Amino acid sequence: MTATVGRQAQAAARANDVWKVYGSGEAQVIALRGVSAEFERGRFTAIMGPSGSGKSTLMHCLAGLDSVTRGTVMIGETTVTGLNDSGLTKLRRDKVGFIFQQFNLLPTLTAQENILLPLSIAGRKADPAWYDTVIDTVGLRERLGHRPAQLSGGQQQRVACARALVARPEVIFADEPTGNLDSRSGAEVLNFLRSSVREHGQTIVMVTHDPTAAAYADRVVFLADGQIVSELIEPTADTVLDTMKKLDAPVEVGN
Amino acid sequence: MFRATLKSLLARKLRLLLSGLAVVLGVMFVSGAFVLTDTLGRSFDAVFADAYADVDVNVAAKPKVEVSETEGEQVAGPVPASLVDRVKAVPGAADVRGVVAADGARLIGGNGKVVTSFGPPQLGENWLGESDLVSLREGRGPQADDEIVVNAALAKAAGVRVGDRVGVLTLSPKKEFTLVGVFGYSGGRDSVGGANEVAFTTPVAQRLMLGKPDVFSNVTARADGTTPEALRDEVSGALGGAYDVKTGDQLADDASAGLKEGLSFFNKILLGFAAVALLVGTFLILNTFSIIVAQRTRELALMRAIGASGRQVIGSVVLEAVAVGLIASVLGLAAGIGVGALLAYLFGKLAGGLTLAGLGVPPAAVIGAFAVGLLITVVAALLPALRAARIPPIAAMQDVATPDRPLTKVTVGGAVVTTVGAVLLFLGLSGNAGDNTLATILGGVLFAFIGVALLTPVISRPVVSLLGAIFSWSVPGKLGRLNSGRNPRRTAITAAALMVGIALVTGVTVILDSAKGSISALAEDRIKAELVISGASSGPRPASFDAAVLEKTAAIPGVQLVDGEYGDMATVGGERTWVAASSNVAALERIFGAKATAGDISRLAPDQMLLSSDTAKSRNLSVGSTVPVQLSRGEARTYTVSGIYESSQLTNPVVLPPQATADFAIPQPIQGFVQLAPGTSVGAVQPQVERLLVDSPEVSVADRAAFIKQQTSQLDTPLRMIQILLALAIVIAVLGIINTLALSVLERTRELGLLRAIGLRRAQTMRMITVEAVVISIFGALLGVVVGTGLGAAVVRALKDEGITDLVLPWGQMVTFLVLAAIIGVVAAVLPAIRAARINVLGAIAHD
């Protein structure tokens, strides 16, 4: 199964016949069965699927957090597959940004220090104009000196978004970024992600199981049982929900 | 509840083992001490039972001065030779022999050096022929006055063989003898209990070892047709109570008991090790359990939520502690038995082939091991257990339930405990605590340590951030610093464990360096002698030299004044005191700069004595008082106080006239001071004195500076022993740092995963952990140096009246400790850092 959309040259991340197998023998679990996908530069893609469909595994493999059993993964011009730890670290540092479900900020650092952390680790300076833009977009200027414990959940997640954006990575991977937020904070974060794609050309790949969240994306890729089974361009919450319903039935039988 | 506890214990076994290791070490030293004492004690019993196997009854004089093993040799006066015939006359006494046996026969070995012995005596004896016990291995017994035999152990140690001419130092200066035989003991042994033995003909032995003819050390007899006990009573009755009459068994018990007393010293050292290890271990366990409770907050809250009582929660934590304590005690006991066996083996080797009795594990070792191990662990876990019981059930539902608790209570408590410690120290050091001085001082030190440990969290904030600033130039450094300041309590307790060891070393170093500095300053200032004759002692007796050297030295051109110093342990007016005698009384003023406070101290008639002002004051004596003095030998004599001099570090409490030295245990000078005429070159005189000392190989001549250095270097030995002892405390503290870091790494798995996800390299991760460790350990060392200097300075101040006037701070040592602490930090960080760097990023992010 292949889902090919858009211009090949502009793919920010690409999976090519990716297989992921955990364990062996009777305990063997095949999480991905030959997934090929491209994620175009400057677009907001959501990966959806019921739990156990392999959507998180796909994202982890794309981001270089997990190795693939077979096939290749590329971020921009870099082949991720086969990189060693320092290569992967450099890739994550320079080309990839992360937003996790749980806020994943360092409690000892202030919001500003957290935002600048990836750049500090890399020994780079932030572009001041871009930094200001990011801070204003996330609306955190008043809260920069606060520690994570003094921020609300939504604010913490916005700090995490700012941290991912400020380094201008090739692609940002977001793993259920609104999973822990109430609907209002969630909407804020999603709006913010979408505007960073529309206004600043950032590439974002988001894993979610929430149709409302998926509706913010430009495109939704559906996974079931380790394979890409469907996709939607310019989705709405309703179309996503419909597709999900169609997917759910056979998967439950399959289980 | 019980099963839940057990499961949680198993899940954390490695961590608990690490903290239990400190208890293991402490228990090891406690049980090792008991095993060593027991094994050696029984070995001594066996040796002496054997040594006195051919003696049924022994008759000896009652000792004139009771001297314990550590203070000098036991000198029981000799018995007249006529006693042999009186014992022979007792019915049932057979094989009656007059025995000469006294410590202090030093053989000059093949290399020209005196054979030394630490511990076992160097006996000079009369040759009594072969027996069931003694047999000649080579040659024959001594027949002429210049013939000797030695035991095989001494022949081996000295590297001499039959036919050699060998020098022997006794009560007399060096004399030459021909070695005509070597003897050994039954069972192929070279010695009994490691003693070196030189056997002369009886008249020579009497003269050289006892100082006069026709006397014996003791008389032995065998029982013929009666029991040893019956014979003892017969002999005792016949002699009329003037002598000590004992059976061979009693003698063996006494001899063994004397050595066992010496063993208690080893016991104390080992128990000291144990105390320090356990004190530091307590900190470690407290910390581990605190962390475990914090980590299990949600789990414990869940238990509360489903109906467990607070008491059950306490029970579960204490139960965990009991299990750890039990395991640590078992391991410690096993290790202790090993250490005891090893030390007993080494001791046996050192003592020249002591045949060891089988290894014994006395009940005291087992009871001590479990009592100490369990008590320490449970006490240390109690505080965290109480805290665990206060966790509200709602914590199970909340995400973060460990808010930063205010430090007020701890700080107030710490201040109170520190104050109590300071007051105790003050009381102890000012001498107002009477008999309990040592206990008061030790209690004060303990309280001060605990108090400072409680204050540490408050101190840690500013100090750690200041220290960390040094490392903040890189991102990992900055993260490491922030992490070390994150949990002030945990950082504090970890650092406090290191503090204890370093504070003790620093304190002791301050005291000993100050003592050294003060003594050198005083000696530099006061001793007006350009050359000094002295030597390192070969065993418990001080080195001595031929008194004739003094006269010959005085005859060297350019020598102005020569003084030989003698010393003896004596009973002066009913109290045991070290007494000295000078060959030249004038030296007291002219060489040692003593000032008379009463009477005349420049001359001394044969029946007069001088006292230091302290002695005079404490004994309530003044010029004209008469005092009975019993020396090691001879009869008691009464002396009249003719002068009193000002006490100083360089003066002795009592000075007797030179005529008294004949009755000293060592009737030869032990130090010589040579004052040169102005303008005489030291370099010209020194080699001439050196030549005079050719027959006194125990001593050498040194200039004043070298002598002072040599004297003060005696303090280096206790210092080194204490440093070794405390190195152990530091090792345990390192375990603590490893433990804390390992737990921190575990706790922050998610954070580490995040940092790695956003691009922190492995090397950077390791650097971050290392900085955290280094900051903690330098903080601990800094505290230790400050607290140790404070304690040391307090003691030095208190000892001002004892002559320690200068406070000398060992700056070099302090810097060394800080550098050492940095290295300790790096070493301690290795494993946790590797673990942190190896964290699987994906797994860490998913980690709950």
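When N counts the residues of segment B:58-247, how does its alpha-carbon radius of gyration compare numerically with 2.2 N^0.38 Å, as a ratio? Spell out each step's value before the answer.
Working: Rg = 16.9 Å, N = 190, 2.2 N^0.38 = 16.2 Å.
My calculation over the Cα atoms of segment B:58-247 gives 1.05.
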query: Mind checking which of A:K20, A:K95, A:K245 has the largest fluctuation in a GNM of chain A, springs on alpha carbons under 10 Å?
result: A:K245
Student exercise, segment B:538-697 dipole from Lys, Arg, Asp, Glu Cβ charges, in Debye to nearest 20: 160
message: As a test of the formula, what do you get for the protein assembly as shown when each DSSP H run with n ≥ 4 contributes -39,500 (n - 2.57) and the sum is divided by the residue count, at 222 nm and rounded to the nearest 500 deg cm²/dmol?
response: -17000 deg cm²/dmol
query: Rounded to a whole number, what is D in µm²/s for segment A:2-254 from Stokes-Einstein with the Kirkwood radius over alpha-carbon pairs (4 °C, 1.567 mPa s)?
result: 70
query: HN-Hα J couplings of segment B:817-832 from phi, Karplus 6.51/-1.76/1.60, θ = phi - 60°, integer Hz, Gly and Pro as x?
result: 4, 5, 5, 4, 4, 4, 5, 4, x, 4, 5, 5, 7, 3, 5, x
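Accessible area per residue for the protein assembly as shown in Å², computed with a 1.4 Å probe and the full protein assembly in place, what is it? Mind dumping the intermediate values first?
On the way: 46380 Å² over 1103 residues.
Normalised by residue count, the accessible surface of the protein assembly as shown is 42 Å².
Ignoring chymotrypsin sites (Phe, Trp or Tyr not before Pro) that are buried or in helix or strand per DSSP, and keeping those with at most 13 other beta carbon atoms within 10 Å, what is the longest stretch of chain B between them? Spell out each step's value before the answer.
Numbers: sites that count: B:F118, B:W473.
It works out to B:474-848.
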message: Need the full-extension length gain, B:A53 to B:S309, defined as separation in residues times 0.36 nm minus the C-alpha distance. One decimal, nm.
response: 85.3 nm
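Would you rank A:E113, B:E229, B:E320 by solvent-accessible area, highest first, keeping every protein chain in place and using a 1.4 Å probe? If you can, show how the numbers build up before the last one.
On the way: A:E113 55, B:E229 85, B:E320 0 Å².
Largest accessible area first, the residues go B:E229, A:E113, B:E320.
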message: Below 8 Å, C-alpha to C-alpha, sequence gap of six or more: please give me the relative contact order for chain B in percent.
response: 16
- prompt: Between the DSSP loop rule and a limit of at most 10 other Cβ atoms within 10 Å, which GluC sites (Glu not before Pro) in segment A:1-101 are left?
  reply: A:E77
- line: A student asked for the Cα radius of gyration and Dmax of segment B:606-683 in angstrom ought to give 15.3, 46
task: Could you pull out every residue, at least 5 positions away or on a different chain, whose amide H is within less than 5 Å of the one on A:I172? Hs are placed 1.01 Å off N in the peptide plane, and Pro or chain starts have none.
output: A:G97, A:T203, A:I204, A:V205
query: What residues in segment B:440-487 lose 20 Å² or more of accessible surface when the other protein chains are added to their chain alone (1.4 Å probe)?
result: B:V475, B:K478, B:L479, B:L482, B:R486
- line: For chain B, using Cα atoms only, the Rg and Dmax in Å read 33.2, 103
message: Can you give me the % of accessible surface on chain B that is carbon or sulfur? Probe 1.4 Å, all protein chains present, nothing else counted.
response: 61
- prompt: So for segment B:536-698, what are the equivalent ellipsoid semi-axes in whole Å, largest first, each being the square root of 5 times an eigenvalue of the Cα gyration tensor?
  reply: 28, 19, 12
task: Treating cross-link reach as a plain straight distance, find the aspartates and glutamates whose alpha-carbon is under 14 Å from the alpha-carbon of A:K245, omitting any fewer than eight places away in the same chain.
output: A:D210, A:E231
- request: Apply the Karplus parameterisation 6.51 cos²θ - 1.76 cosθ + 1.60, with θ equal to phi minus 60°, to every residue of segment B:332-349 and state each ³J(HN,Hα) to the nearest whole Hz, in sequence, with x for glycine and proline.
  value: x, 5, 4, 5, x, 4, x, 5, x, 5, 5, 5, 4, 5, 4, 4, x, 5
message: Checking a compactness column here: for the protein assembly as shown, what do you get for Rg(Cα) / (2.2 N^0.38 Å), N being the number of residues?
response: 1.32
- line: For the table A:K90/A:K125; B:K175/B:K260; B:K156/B:K260; B:K62/B:K617; B:K268/B:K617, the rows whose alpha-carbon distance is greater than 25 Å are B:K175/B:K260; B:K156/B:K260; B:K62/B:K617; B:K268/B:K617
- line: Rounded to one decimal in nm, the spacing of the 7 Å Cα→Cβ label points at B:K212 and A:D17 is 11.5
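The values are calculated or read from the model by the stated rules, or taken from the named source; none is laboratory data. Computed from a prediction, not measured in an experiment: that's the story for all the values here. Ideal geometry is used to build each Cβ from the backbone, glycine not excepted, and the neighbour counts take in all protein chains shown. When the accessible area is computed, the model is the full protein with side chains, heavy atoms only, and any ligands, DNA or RNA have been set aside. Shrake-Rupley method; radii C 1.70, N 1.55, O 1.52, S 1.80 Å.
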